[in-house]
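Below you'll find the structure, written out as structure tokens, and then a few comments.
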Amino acid sequence: MAKHHVSATVNGDAVEFLCESEQTLLDCLRDELDLTGAKEGCSSGDCGACSVMVDGRLVCSCLVLGVEASGKSIETIEGLSDGEKLHPLQQKFLEHAALQCGICTPGFLVASKALLEKHPNPTETEIRYWLAGNLCRCTGYDKIIRAVIDAAAEMRGA
Amino acid sequence: MRYEAPDTIDAAVKLLAGEAGLARVLAGGTDLLVQMRSDVVSPDLVVDIKKISELRQVKEEAGGFRVGAAVTGAELKEHAKLPKAWPGLVEAANLIGSTQVQGRATMGGNLCNGSPAADSVPGLIAAGATATLVGPNGRRDLKVEDIMLAPRKLALTKGEIVASFLLPARPARSSDAYLRFIPRTEMDIAVVGCGVSLTLDPSGTCTAARVSLGAVAARPLLVEDAAKAIIGTKLNHAALAKLEAAARAACKPIDDKRGTVEFRIDVAGVLARRAALIAQERARKA
Ligand SMILES: Cc1cc2nc3c(=O)[nH]c(=O)nc-3n(C[C@H](O)[C@H](O)[C@H](O)COP(=O)(O)OP(=O)(O)OC[C@H]3O[C@@H](n4cnc5c(N)ncnc54)[C@H](O)[C@@H]3O)c2cc1C
Ligand code: FES
Ligand code: FES
């Protein structure tokens, strides 16, 4: 079976790649486009380490086929910082020590950014529910939640 | 595996009906991709239905709503009118998975995956929803409670797709609610789920009701005796006691690590009562 030729936009840049029907978007990002920021934790939608945005919607890229990306706009962790300048969420994750091994971090950052775009001033409960699909085996979550609250405040200019 | 993404239902049906090997519809993929990854299913053909506009819309129709089978949970929640008109159904659909899963998961997929614990299915059954199916022999309508027959077994014939759900028009002072029991607060499969939809008259007497239970039998159940227990009442103690008893009597649950038979039966009564009271409270204001 011929491979699919997929054209999409990733972090604002036009990209093209070839993929098999079975390959997930996560596989394509990591193996075809060398964007290894999105992680494979479980491949079953449970851990959120593979979180990306597809046409403005937060999804698990392990549960999307690569061919489905055709014509879509994808945003990944690689597009979060502005060159060398870290996004406020990245800065606050560092300041609050909201990561240890770091496997879950790209997913948490992408998911948190999606939250703050929709709700600039979320309550702690809203943050915890929004991030319920992102698992972390190291931090115990509390530092992550503090970092998101702090980043939200900074981004509101508070 | 072949991947196709047609933009009409007829083309999708033709592809599915014409495939000699194993064919699968792809909606949000939150069940299908997990099953493919773990080799539970290895389709020869996957037909992505998300480019078919009829399946992706919510439209007002005959005083009610027609919801495309491939509309995601996140889109249901963001709709201008649905969350107010059918709060129970929208909350049931929004209990499915995480924010990420919500961005993809559909009610069509939830139903057609054929799990007795699917959260939006009791919501649809309580709502009195009718599914419109399209297959090689044309269109037909089936009540949602008649679609899932047993775990992974559906009333759909080869090549048939669920195109949409019609949520019927209903009078003022109508509303619904869905509750599920899980051991955690998020990201778990229902041990018991219960949807209740009801209508009150101006004096507060319940004039119509539908009660549906999930995860307590081989398929989601429409429990007519539970509805009868509250119709004609103001949901006083005696009526609620009857409702609980009827909900419990309908259960034929399995015993597993999530809950014992006794526990599931007991919880079914509790959830039925609580969901009925929430629906009543909402209906008073609707
Ligand atoms: C992390 C995680 C958590 C989850 N939590 C829950 C939960 O709390 N509650 C719950 O109920 N479910 C849960 N699920 C299961 C799943 O998300 C839901 O069942 C979802 O609604 C499936 O919809 P989908 O569009 O992704 O279906 P898909 O995976 O695309 O399809 C599911 C099945 O239905 C068939 N199908 C899909 N659409 C149609 C159609 N229109 N016509 C005919 N056949 C069709 C497909 O061929 C496939 O066999 C969870 C899944 C994950 C990964
Ligand atoms: S790798 Fe996608 S959710 Fe875990
Ligand atoms: S920092 Fe290790 S999993 Fe979160």
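Filter the cross-link list B:Lys84/B:Lys285; A:Lys72/B:Lys51; A:Lys118/A:Lys143; A:Lys118/B:Lys285 down to pairs whose alpha-carbon distance in this structure exceeds 20 Å.
Those over the limit are A:Lys118/A:Lys143; A:Lys118/B:Lys285.
Under the √(5λ) rule applied to the eigenvalues of the Cα gyration tensor, what semi-axes describe the equivalent ellipsoid of region B:175-285? Give them in Å, descending.
25, 14, 10
Given the -39500 (n - 2.57) contribution per DSSP H run of 4+ residues, what per-residue ellipticity at 222 nm results for the protein assembly as shown, rounded to the nearest 500 deg cm²/dmol?
Using -39500 (n - 2.57) per qualifying helix, the result is -9000 deg cm²/dmol.
Helix hunt in chain B: which complete DSSP H runs extend at least 15 Å axially by C-alpha with mean Kyte-Doolittle at least -0.5?
Result, helices passing both filters: B:237-250, B:261-285.
Could you state the accessible area per residue of the protein assembly as shown in Å², with a 1.4 Å probe and every protein chain left in place?
43 Å²
With both bridge residues required to lie in chain B, what share of the DSSP beta bridges run antiparallel, to the nearest 5%?
On the way: 41 of 48 bridges.
Restricted to chain B, the bridges split so that about 85 percent are antiparallel.
Pop out a list of residues from region A:97-133 that are at least 20 Å² less accessible with all the protein chains around than in their chain alone; 1.4 Å probe, no ligands or nucleic acids counted.
Those are A:Lys118, A:Tyr129, A:Trp130, A:Ala132, A:Gly133, which lose 20 Å² or more relative to the chain on its own.
Is there a simple number for the mean count of other chain Cβ atoms within 10 Å of the Cβ of residues in B:99-112, and what is it?
5
Checking buried surface per residue: for region A:29-68, which residues lose a minimum of 40 Å² accessible area in the protein assembly relative to the chain alone (1.4 Å probe)?
Buried by 40 Å² or more upon assembly, which counts only protein chains, are A:Ser43, A:Arg57, A:Leu58, A:Leu63, A:Leu65, A:Glu68.
At q = 0.09, 0.13, 0.18 Å⁻¹, what log₁₀ I(q)/I(0) does a Debye calculation on the Cα points of chain A give, no solvent, two decimals?
Reported log10 I(q)/I(0), two decimals: -0.28, -0.58, -1.05.
Of B:Leu156, B:Leu33, B:Leu142, which is the most mobile in a GNM of chain B whose springs link Cα atoms less than 10 angstrom apart?
B:Leu33
Non-local amide H neighbours of B:Val25 (under 5 Å, H modeled in plane, Pro and chain starts lacking H): which ones?
B:Val47
Considering only DSSP beta bridges where both residues belong to region B:173-284, give the percentage that are antiparallel (nearest 5). Numbers along the way, then the final one.
On the way: 19 of 19 bridges.
Of the beta bridges lying entirely in region B:173-284, close to 100 percent run antiparallel.
Compare each residue of region B:161-191 in its chain alone against the assembly with all protein chains, and report those whose accessible area goes down by 30 Å² or more; 1.4 Å probe, heavy atoms.
The answer is B:Glu186, B:Met187.
When the convex hull of the C-alpha atoms of region A:4-79 is computed, what volume per residue in Å³ does it have?
It is 71 Å³ per residue.
Looking at the protein assembly as shown from every direction and averaging, what is the projected area of its Cα convex hull in nm²? Can you show the working numbers first?
Details: hull surface 88.8 nm².
Mean projected area for the protein assembly as shown: 22.2 nm², to one decimal.
For A:Glu20 and A:Arg137 in the same chain, what is the full-extension length gain: residue separation times 0.36 nm, less their Cα-Cα distance, in nm?
Gain on stretching A:Glu20 to A:Arg137: 38.9 nm.
Please compute how much accessible surface disappears when B pairs with A, both sides summed, using a 1.4 Å probe, and round it to the nearest 100 Å².
2200 Å²
Based on the mean of other beta carbon atoms within 10 Å per residue, what is the order of B:196-205, B:64-73, most packed first?
Working: B:196-205: 18.9, B:64-73: 24.5.
Top to bottom by mean Cβ count within 10 Å: B:64-73, B:196-205.
When the Cα atoms of region B:54-167 are enclosed in a convex hull and the volume is divided per residue, what value in Å³ results?
Hull volume over Cα atoms, normalised by residue count, gives 94 Å³.
Hey, what's the Kirkwood Rh for region B:206-247 if you take every pair of different alpha carbons, in angstrom?
Kirkwood hydrodynamic radius for region B:206-247: 10.4 Å.
Carbon and sulfur atoms: what percent of the 1.4 Å accessible area of the protein assembly as shown do they account for?
The C+S portion of the solvent-accessible surface of the protein assembly as shown is 52 percent.
The values are calculated or read from the model by the stated rules, or taken from the named source; none is laboratory data. Because the structure is predicted, anything quoted here is derived from the model rather than measured. Backbone-built Cβ (ideal geometry, glycine too); neighbour counts: all protein chains shown. Quick note on the areas: whole protein, heavy atoms, side chains included, nothing else; ligands and nucleic acids left out. Shrake-Rupley method; radii C 1.70, N 1.55, O 1.52, S 1.80 Å.
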